[in-house]
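Read through the structure below, which is laid out as structure tokens, and then see the notes.
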Amino acid sequence: MKHPYPIKLFYDPRDQSWIAVSDDLPGCSAGGATPIEALQEFECAVAAWLEALEATGQPIPEPTVLQHTSGVG
């Protein structure tokens, strides 16, 4: 992915489509018939979302750093 924001991908049975969102980008989402399509559409949505922020002089949010765990504890 071009933009390093963590993505949540889920299936919405109501809409019968896959949805991609990121908590780092409130209000930015995209959907598609397949997970890949939703991710591709989300990439376009993120680019447009960031362009809109820049155009209005708003700050670009920093991506959340993901915590990796081994599952061993």
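Nothing in this text is a laboratory measurement; each read-out follows from the coordinates by a stated rule. Just so it is clear, the model here is predicted, and its values are computed rather than measured. FYI the Cβ positions are ideal-geometry reconstructions off the backbone, even for glycines, and counts take in every protein chain you see.
With a point put 7 Å past each Cα toward its Cβ, work out how far Gln16 is from Ile60 in nm, to one decimal.
3.9
With an 8 Å cut-off on Cα pairs and a minimum separation of 6 or more residues, tell me the relative contact order of segment 8-55 in percent.
26
At 20 °C and 1.002 mPa s, grab the translational diffusion coefficient of segment 8-55 from Stokes-Einstein with a Kirkwood Rh over Cα pairs, rounded to a whole number in µm² per second.
Approximately 199 µm²/s, per Stokes-Einstein.
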